[in-house]
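Every number in this text was worked out from the coordinates using simple rules, so none of it is lab data. Since the model is a prediction, treat every value here as computed from it, not as a measurement. Here the Cβ is made from the backbone with ideal geometry for all residues, glycine too, and neighbour counts use every protein chain on show.
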Ligand code: HEM
C-alpha cells in the first residue's frame, strides 16, 4: 500500500538531481531525497507553514529561495520557474524535465501546495451544525474525520421531502429527489439530505475559541487584543478613508466615481491596475459569490434599528480621541451614516465537551446562516427557494427554455438570442430591484451581473436547442437520461420532457461554470505555472493525457481511501491521490472488482448503477465535516477593490481600439444596469470589460463610488454607506479572527510588525518599496502600537520556531512598543500583503483559504463526481461539459506558456452566444486576460498591446 501511496506523488514530484545544477544544489537535493517526504503534522502546532528546510529550498530554487526563507511568506514562490522567464534556472529557456532545476522548482511548489491542502483538511474543518463533537470523538469506533453521515444533516419534519427520504427511519434520498439539482439544494448527498441546502449554518475554518475575539470570552483572545477591539474599534470609516481610498491625481475628473456629464472620455478615476486580469474577471467572482453564499434575506439585513458605522474616533497614542469637524472633512467620511445589523442565527453560549482531557466548544460563540444553497448549482440564475424561483422566467410555450427576447434591430448574430425580461409588478421582489432583469438573485445588480446572467441564459437556451436538434435527428436514440424510479427504462431523445430538459440544462450550465472557474478564472487569477498545473489537476487530473495512470489512481482514491474508516487514509491521502485522476468525475465509473487497471481490460465493463446508492453517491468526500462555506471564506471574497469606477466603453462593430465613453459603474447600479444593457448590447459590454484591466487587491484602491454608495432603503440622514468600511464591520459582527491569528489558524506564519508586509525582494531604493513603506506608516498610524507583555500567551494554533509559545511581544523584547498587528482587520491585512507569488492577483493568505474550500466545493458535490453521468446529464450534456460545447474538442493553434491548450470554456461560451466577437476573440487564450494584451513570453505580466491593438489608448496608460 505504501508503495502505491507514493506512486502519484513520486511520479509527479520526483525530486532527484539534474546535471545543470550547482554542486551545492546537487548536495542539497541529495540530502532532500535521503530525508524522504516530510510527515503530515500530527498536531496543529507542528504545521508546515509553507516553509521548507534549507536544503529543500536550495534544491528547488537555489540561493534566492534560501535567502527569503527568513520572511513569513511561503517558500515555493522563490523556486525555479515559478514566476516569469526570469525565474528560470540561469542558462535555461524552458522548464525541461522533472529532474532539472526548473522541473524541481515546479514539482516542489506542487508538493508544498499539496501538503498545505492536506494540513488544511486535517486542521481547519469546524462545523457549526452540531457535528463537531463527533468529529473529535468519533462514533462507534470510526474516527471523526472518516464519518460520512450525520444526524444534523437529516431532513427535518417540516420539510416536504421528509417522508420521501425515510421520515424518522434511516434517511436516503431517492426517486425524483435525486434526479437533478433540487431547488433548495437538498439531496445532493443522498445520505445527508440537508447538507448544503438553503438556510444551513455557515461553518468555520478557525478554532471556535479563535472566533469573535472582541467578545473577550477566550483568554488567549484577551491576551492578544487587550481591550483594543470593538465593532467600531478601530474606527472603520477612518480605516477606509486612510488606508483604502483610491488617491486621485485629478479628483475633478473622477468626481467620487461619478465621472463627467455625457460619459465623456475626459473623465478619469485613477486606480491601481492588474495587467493580467480584466474587468470580466471582477464581475465573474461577484457572480460566483451570489451562487455560493449570502447573509442577507431578500436584499436586507436585520430589520429594525440602524446602527452607526464610525467616522467618530481616531487612535492617538494608545487611546481613542474624537475626530474634529476639520478632521472629518479632511477624511471625507460621514458620521451620520447608518446601516442595518447583520443577522445572527445563534448567540447563546455554545455547549462544550471534554475529550482526552481537553475541553472543546461544540460550535462558535455565535452562528450565521447561508440564505442560499452552498452548492455550485447556479442558484443565482435558477433559484434557491420558492420565492427566488418565481423570479425565474421561462418561455410559456417551451418551458425548457429561459425567457429571452431580442431588443430592436442591433447588428450581431448573438442579438437574436435575446435578453432577460424585466421584473413585473407581480414579481416577489424588494422594491429596490424594480426595473432590473428578472433573475433569482437580483441583489447588488450592475452591468457585470446583467452581463453574466444574460450570457448564461443564452447558453442555457443554446444547449436546449442543440438537444432538440439531436432529438430531431435521432428521435429514437438513447438520450442517456434515466429516471431513478424506472432505472432500466431507456429514455429516448424524443421522450425527454421540457421539465427534464430544463433541469438537465441547469446541470450542464452549473458544471460549465464550475469548469470555467477552476481551469480558466483561477489560473489567470494566479498566473504562474504551479497554479496552472494545480488547477488543471483539480479538474482533469495531473495525468490527463495518461489515462492508465489516471484510472489506476482513481481506483485507489475511491475504492480504498474513500471507503476507509481510518481518518488518515480517508482524508489526507485521498486528497493527494485525487490530484492524479482529478476531482471532477471521481467515482463515476465502477468496475466489478477493485482491479486497478480494470478500465483497460476489455473484458471488464463499467457497472455503475443508478440503482445502487453507493454508486450514485460514491465519489464524494466531505472529510468528516459536512460541507458548507466557512465564515472565513466569505471575508476573502470581499473583493470590492477589483471594481474600477469607470468602464472604458467600446463598440465591436466600430474600431474596438477606441474608447468611446467612460461610463461610471454606479450609473449601471440596479435598474440602470438593465437600461445600459438594453441600450448598448451584450457584445459591446463584453468587449469593453474584456479589454479593461481590473483593480489590484491592495491598499488605497477601493472604488470611490462604493465608498459613497446611496442605498435608499437606509433610514439615515445620508442614505449613503461606505462599503469598504462596511466590509470590516460585517467581519467583526461575524467574528472573523483578525489578520495574524487568521494566518496562524490557516497554517501560515505570523508577522511580527507592519514592516513585515514590505516585499524584501525589492531593492532598497526602489520607488515601489518607498510606496510600501509609506503605506506601512499609515497602517501604524491607524492601528497603533502598544507596550507588549511577554507573559501573555496569545495563541494555541502555533509555536515559535524554538517551540516556545507565541506571546504578546511577537519575538520583540518584553516591554517594548510593538505594532498592533494582531488587531489588523483581516481584509485590510491581506490587502497589505505586498509580497506575493508571481502573477497572484490575490494575497497568499486569501489563496490559502481557497486551497481548502475550492477543492471541497468539488469533492463534496455528487454532480461533479460520481453523478457526473449521462443518467443525469444526458449523453449530450456529458459531452458538452467535457468538450466545452458541441462539435467536439477544439484546440488553440499556438502553445500557451508551453502548453497545448483547448479553446477555453468561457471563450467557447462567448463565441456561441456572441458570434460577432469572433475576430476579437481570435487572439484570446484565456477570456479573463485583457483581450488586447500581448500574452507573449512565459507568464509575462507586461502591459503591451498584441498585434492590431497598438492604437488602443489603454496601453498608453500605466
Ligand atoms: C457594482 C459592484 C458592487 C456593488 C454595488 C456591491 C455592493 C455590495 C453591498 C451593498 C453589499 C452588502 C453589504 C452588507 O450589508 O453586508 C455587498 C456585500 C458583498 N460583496 Fe459586493 N458589491 C459589488 C461588487 C462586488 C464584487 C466584484 C465582489 C467580488 C467578489 C463583491 C463581493 C461581496 C461580498 C463577498 C459581500 C458579502 C456578502 C455577504 O455578506 O453575504 N462585491 N456588496
Rounded to whole Å, √(5λ) for the Cα gyration tensor eigenvalues of the stretch 29-84, largest first, gives 20, 15, 9
If eta is 0.692 mPa s and T is 37 °C, what Stokes-Einstein diffusion coefficient results for the stretch 106-184, Kirkwood Rh from Cα pairs, in µm²/s? 210 µm²/s
To the nearest µm²/s, what D does Stokes-Einstein give for the stretch 358-484 at 10 °C and 1.306 mPa s, using the Kirkwood radius over alpha carbon pairs as Rh? 91 µm²/s
Percent of alpha-carbon pairs separated by more than 14 Å within the stretch 692-746: 69 percent
Residue exposure sequence - 648, 781 - by fewest surrounding Cβ within 10 Å: 781, 648
Order of 215, 895, 183 - criterion: other Cβ atoms within 10 Å of each residue's Cβ, fewest first: 895, 215, 183
Relative pair counts by distance (%), Cα atoms of the stretch 162-291, 10 Å bins: 9, 17, 20, 21, 20, 10, 2
With Rh as the Kirkwood radius over Cα pairs, the stretch 739-824 has Rg/Rh of 1.00
Pairwise label distance in nanometres, residue 678 with residue 492, each label 7 Å out on the Cα-Cβ vector: 4.5 nm
How large are Rg and Dmax for the stretch 284-329 when only the alpha carbon atoms are used, in Å? 17.9, 44
Helix-derived mean residue ellipticity, 222 nm - over the chain, DSSP H n ≥ 4, -39500 (n - 2.57), to 500: -9500 deg cm²/dmol
Please list 186-197, 768-779 highest first by mean number of surrounding beta-carbon atoms within 10 Å per residue. 186-197, 768-779
Roughly speaking, what is the centre-to-centre gap between the stretch 829-858 and the stretch 30-81 when only Cα atoms are used, to the nearest Å? 19 Å
Let me see the P(r) profile for the stretch 256-412: every Cα-Cα distance counted, bins of 5 Å, each bin given as a percent of all pairs. 1, 6, 7, 8, 10, 13, 15, 14, 10, 7, 4, 2, 2, 1, 0
Computed P(r) (all Cα pairs; the stretch 148-236; 10 Å bins; percent): 15, 33, 15, 18, 17, 3
Give me the compactness ratio for the stretch 437-506, meaning the Cα radius of gyration over 2.2 N^0.38 Å. 1.43
Report, to one decimal in Å, the Kirkwood hydrodynamic radius for the stretch 867-954 based on all distinct Cα pairs. 14.7 Å
For the chain, what's the radius of gyration and Dmax over Cα atoms, in angstrom? 27.1, 83
If you average the sequence gap of Cα pairs under 8 Å that are 6 or more apart and divide by the length of the chain, what percent do you get for the contact order? 19 percent
Fewest to most Cβ atoms within 10 Å: 758, 793 sort as 793, 758
Work out, step by step, the length gained on full extension between residue 345 and residue 887: first 0.36 nm times the residue separation, then minus their alpha carbon distance; give nm to one decimal. 190.2 nm
